[in-house]
Amino acid sequence: MSNLTKKAKSLHKIPIARPSIGVAGRTGTWRWMKPVVDLSKCTKCYQCEIYCPDNSISVEALKGAVVNYEYCKGCGVCAEVCPAKAISMVEEEQHGP
Amino acid sequence: MSSTPTLPRDMRNTVLPGHAACHGCPIPMGLKVVGAVFGDKVILVVPACCTSVVLGMHPGTAFNGSVIHVAFASAAAVASGISAGLFKRGVRGVQVVAWAGDGGTADIGMASLSGAAERNDDFIYVMYDNEAYMNTGIQRSSATPAGAWTTTTPLGKKESKKDVTKILIAHGVPYVATASIAYPHDFYNKLKKAAGIRGFKFIYLHAPCPVGWRFDPSLTVKVAKLAVETGMIILYEYYDGKIHISGPSRPLLDKSRRRPLIEYLKFQGRFHGISEGELRNLESYVDSSWEWVKKFMQ
């Protein structure tokens, strides 16, 4: 490494953003409707996981669809695309953090 | 049932939870498919658009891959430079994807896009079309369809939509395709196909915005599906000088199998004030775009 690039490196630390979970905070607090999965109806078709914009519902092979309530924004896309109608939207009892 | 997931592993890890998108946003759905195809072997070039908001602010980013945020008009120019640089350095197996909105493609980024297409630079350009400038407050763009309400066209837009895919086909690039977020498997196949072709690849991605189009966030996928089923958006690929209609749109070549256009419009608040004449105009726009597609199928 030349002296010039060394100097440039010490002078300017490039602020690089790293991939991290929750860049906008705990987005679960944005939710006013909550998806609740009826695991007895879940056919593990993966539709909810494919479409979920927040990537906070995942289908576990043995159990069924599991929602990550910490980051789920409660948009209701999963309930709409579910062909077995296993997901229902329930109103949150407590709003905000 | 086996314990191996039926989804590509990277589809789960690419868009990280807790990003800054609105409820029911179609952009992360599209980015997940990009992640499913390329994993973290992708360099995403994002101009000023909704995606630069979705991916979040400095110490973190919601996309588990390399992202470069650039000025509005320069997405295609920067992507050209990166792909040329990677080629010169001998880096293979990393895909450069320019991911721009309709404003950054059809209006502001048109010049650099046209330049990159003419030079046939080796990268994929994805235009996700939410049909207005959404994150700045729903102003009209040239990709807004006729009759749609926006804050700058309070009585409905008078001009019809600019079809960027037609413009790109006229450039004679090796691969042009249209896709919709409602058909992720179709979009996946198109990205896979584009990754195997050298040269400039353009993919149009239809992405309904719940905020700007004034519909309930849960209906994002339904509205996107209806856009295809009514024939408003035609899914096709263009290569070898011919248009090849994709699966979801193939039965709709027969006009009687298309759903009436009003079924697509009635879910959207932005079309509430649409007059009978404007509806006829939109219907004739749909018919003429199908006629155009049929002409290029021979």
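The table for this structure:
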quantity: C-alpha long axis of helix B:26-38 to longest principal axis of chain B, angle in °; calculated: 40
quantity: Per residue value of the accessible surface for the protein assembly as shown (all protein chains in place, 1.4 Å probe), Å²; calculated: 44
quantity: Interface area, B with A, accessible, probe 1.4 Å, both sides summed, Å² nearest 100; calculated: 3000
quantity: Chain B - percent of accessible surface contributed by carbon and sulfur, probe 1.4 Å; calculated: 56
quantity: Global form of segment B:54-149, assessed from the alpha-carbon gyration tensor, a/c cut-off 1.5; calculated: oblate
quantity: Accessible surface, 1.4 Å probe, highest first, among residues B:M110, B:M127; calculated: B:M110, B:M127
quantity: Histogram of C-alpha separations across segment A:24-92, 10 Å bin width, %; calculated: 24, 58, 18, 1
quantity: Convex hull volume of chain B per residue (C-alpha atoms, cubic angstrom); calculated: 141
quantity: Average partner coverage of B:215-221, which counts Cβ from other chains inside 10 Å; calculated: 6
quantity: Of all DSSP beta bridges in the protein assembly as shown, antiparallel share, percent nearest 5; calculated: 40
quantity: Other protein chain Cβ atoms within 10 Å, averaged over every residue that makes up A:55-64; calculated: 4
quantity: Residue-averaged 222 nm ellipticity for chain B, from DSSP H runs of 4+ at -39500 (n - 2.57), nearest 500; calculated: -10500 deg cm²/dmol
quantity: Translational diffusion of the protein assembly as shown, µm² s⁻¹ [Kirkwood Rh, Cα pairs; Stokes-Einstein; 20 °C; 1.002 mPa s]; calculated: 98
quantity: Heavy-atom accessible area, 1.4 Å probe, ligands and nucleic acids excluded: residues of segment B:27-72 down by at least 50 Å² from chain alone; calculated: B:M29, B:K32, B:H58, B:T61
quantity: For B:R12, solvent-accessible area (1.4 Å; no DNA, RNA or ligand), Å²; calculated: 50
quantity: Order of exposure, largest accessible area first, which applies to B:E229, B:E159, B:E278, A:E93 with probe 1.4 Å; calculated: A:E93, B:E159, B:E229, B:E278
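The values are calculated or read from the model by the stated rules, or taken from the named source; none is laboratory data. Predicted model, so just to flag it, every value in this text is computed and none were measured. Methodologically, a virtual Cβ is constructed for each residue, glycine included, from the backbone with ideal geometry; neighbour enumeration extends over all protein chains shown. Quick note on the areas: whole protein, heavy atoms, side chains included, nothing else; ligands and nucleic acids left out. Shrake-Rupley method; radii C 1.70, N 1.55, O 1.52, S 1.80 Å.
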